[in-house]
Every structure is written in C-alpha cells, then in structure tokens.
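Working notes, structure below.
The values are calculated or read from the model by the stated rules, or taken from the named source; none is laboratory data. No experiment lies behind these values; they were computed from the predicted model shown. A quick note on method: Cβ atoms are made from the backbone with ideal geometry, for glycine too, and the neighbour counts reach across all protein chains shown. Surface accessibility is based on the protein's heavy atoms, side chains included, excluding ligands, DNA and RNA. Shrake-Rupley method; radii C 1.70, N 1.55, O 1.52, S 1.80 Å.
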Amino acid sequence: MDDSTLKNRRRFLESVSVGGAMLLAGCTDQLSLGESDLSNSQNGSQEGTTEATGDAAVIAALDREAIQKEQAAIQKDVENGDMNRTEARTKMVELQEKYVTKAIDSLTGTLQETDGVTVGKTYQSLAAVTVEGDAGAILSVLDSDDVNALVSVADVEAQVKRQQTQA
C-alpha cells in the first residue's frame with residue numbers, strides 16, 4: 001500500500017471511531033446508562049439527567065462537480081491565452097473560497113435547524129464546523145447532503161496546527 005492509501009484508511013478509521021463512540025453514547029443514553037447517571041449515582045444524587053452529550057466537527061460537502069467545471073473553464077482560458085497563470089491561480093483561490101463559503105453556510109443552516117445541536121467554531125480553511133450536543137442529534141446530521149464527514153475536534157485542531165506550521 002502506498003502512503004496515501006494508508007493515510008486515507010487511518011483517517012477513515014479515526015472518523016469511524018468518533019462516530020462509534022458517539023453512537024455508543026447515544027445508545028447508553030437510551031438505556032439510561034449515560035455517564036451523567038453513573039456519576040450522579042456515585043455522588044449519591046437521586047436526580048440525574050440521561051442526556052449524553054458530545055462534541056465533534058462536521059466537514060461540509062462541497063459541490064465538487066461545479067468546482068471541476070469552473071476549474072476546467074479556467075484551464076481552457078489559460079490554454080487559449082485569455083488568462084495568464086497568475087490570474088488563473090487567483091481565480092482558483094477565489095473559486096475555492098466561494099464554494100467553501102457556500103458549503104459552510106448551507107451546513108451551518110442545517111445544523112442550526114437540528115434540535116439538540118449547537119454550532120461552534122468554523123474552520124474556513126478546512127470547510128469544517130464544530131458542533132456540541134446530544135450524540136444522537138449530532139449523528140442525525142450525517143443524513144444531510146450538506147455533510148461530508150464527522151470527525152473529532154482534535155483532528156481538526158491538529159490539522160489547523162499543521163497548516164500554521166507550514167505557513
């Protein structure tokens with residue numbers, strides 16, 4: 001296996017482990033075995049909540065087909081001499097920013113409409129938004145066309161640090 005396959009596989013397994021942990025939290029919530037119940041019973045408290053909460057990061061789904069069409073048009077303009085490479089690079093960056101902003105706006109709207117989910121920090125460069133809330137509610141957003149992946153916040157923050165050290 002080459003490095004990219006291993007990285008993709010590792011990334012997939014990390015995402016699955018985050019989703020699995022959140023799913024487990026949601027299941028224990030339904031069985032009244034949530035962590036908050038256990039800690040309350042250990043403290044001698046009779047009143048407790050069974051709501052399991054978690055936080056994660058949601059990666060926005062980009063319209064890859066539309067991006068590729070526009071990139072092809074830019075490449076054609078360069079080949080025809082209608083645009084130089086510097087202008088093309090600028091257009092490509094603008095194109096990426098446009099589609100990432102559109103995807104994040106759409107994702108944020110979907111998240112805000114989901115009961116039990118609170119939108120946190122936005123990472124524009126990664127097309128990611130952190131979320132907090134009920135594990136079941138967070139997992140429910142995976143059905144949305146606006147969502148590409150659910151990952152751990154730690155993974156997003158590690159990627160941001162890598163970007164900062166490379167800059």
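Quick look at the numbers
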read-out: Proximal charge balance of Lys121 [Cβ under 11 Å; K/R count +1, D/E count -1]; value: -3
read-out: Positive-pole candidate from Ser125, Met92, Val147, dipole of segment 68-167, charges at beta carbon; value: Met92
read-out: Partner lysines for Lys102 [C-alpha distance under 25 Å; skip if fewer than 8 residues away on the same chain]; value: Lys69, Lys76, Lys91, Lys121, Lys161
read-out: Solvent-accessible area, 1.4 Å probe, carbon plus sulfur percent, for segment 95-146; value: 44
read-out: Probe 1.4 Å, accessible area per residue of segment 62-167, Å²; value: 63
read-out: Förster-model FRET efficiency, 25 Å R0, Ala66 and Gln159, C-beta, rounded to 0.05; value: 0.55
